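Please treat every number below as a calculation from the coordinates, not as lab data. Predicted model, so just to flag it, every value in this text is computed and none were measured. Glycine gets a Cβ as well: all are built from the backbone with ideal geometry, and neighbour counts include every protein chain shown.
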Amino acid sequence: MLRAFLFTHVAVLVRHWFEIGLADGVMEHGVRLELRLLESGPHRGTESAAQRLVIDRPVWRADLFDRFDQPAGSFSAAHYHPTFEGNEPSARVFAAEVNADPWGWAIRQLSDVGALCEPNLIPNEAVSVDVDAVGRQAPQIVEFAQSIAPTACTSADQCYRWTSDIAETVQLMVKNMDDPSVLDSEYAAPWLG
């Protein structure tokens, strides 16, 4: 399940995510919020023609995740990635305020997308037209995120239904695990085919 909130120059992607720790096999799932830039292209066709929309460059990501080996709703793996190098996120940043109030924190972060873009060397004027619009929509964006929170996903079957589009990514995670024998292969079976 993926929802995109599109603005003039940015998009906020919200989805449920599932992943497997490469080092320890611990499974995590929850809400992924991602700020991306929209790629513009030349106008095509007539004044009535549909135009191409490309959600491209990632600039910020928040992963409001639970670990399966910790109590549900603890946001024990909640973190964020303040920058990207191309398509690759920076290392995870853990912060107490993310765990303590993930939804309030997410609203505060989305209230200034210009500030989220700065560490990626994106000038504020490139997204300034969207700052107020995203800020006004931040509560609605986070409300949708809460509907697909880790606590709203109560089984492997449901988690798979919400994340079946990333089966290839999960298979890559398993392939890159340090020790695949620690994997809970029964739970991960839907993604592994």
The farthest towards the positive end of the charge dipole of the chain, of the residues 191, 126, 72, given +1 on Cβ of Lys and Arg and -1 on Cβ of Asp and Glu, is 126
Counting Lys +1, Arg +1, Asp -1, Glu -1, what net charge surrounds residue 147 among other residues with beta carbon under 12 Å of its beta carbon? +1
Amide H of residue 78: which non-local residues (sequence gap of 5 or more, or other chain) have their own amide H closer than 5 Å, using H built in the peptide plane? 65
Tabulate in residue order the Karplus-calculated ³J(HN,Hα) for segment 114-129, using 6.51 cos²θ - 1.76 cosθ + 1.60 with θ = phi - 60°, rounded to whole Hz; enter x for Gly and Pro. x, 5, 5, 7, 3, x, 9, 6, 9, x, 4, 5, 5, 10, 4, 5
Calculated from backbone phi, Karplus (6.51, -1.76, 1.60) coupling profile of segment 36-53 in Hz, x at Gly/Pro: 10, 8, 8, 8, 9, x, x, 4, 10, x, 7, 5, 9, 5, 5, 9, 6, 10
Give, rounded to the nearest 20 debye, the magnitude of the charge dipole that segment 2-192 has about its Cα centre when Lys and Arg contribute +1 at Cβ and Asp and Glu contribute -1 at Cβ. 520 debye
With -39,500 (n - 2.57) per DSSP H segment of 4 or more residues and division by the full residue count of the chain, the 222 nm estimate, nearest 500 deg cm²/dmol, is -10000 deg cm²/dmol
Give the label of the value calculated from the structure for Rg and Dmax of the Cα atoms in Å, choosing from [x] 16.5, 52; [y] 17.6, 58; [z] 17.7, 61. [y]
Excluding residue 83 itself, calculate the net charge of residues whose Cβ lies under 15 Å from the Cβ of residue 83, where each Lys or Arg counts +1 and each Asp or Glu counts -1. -1
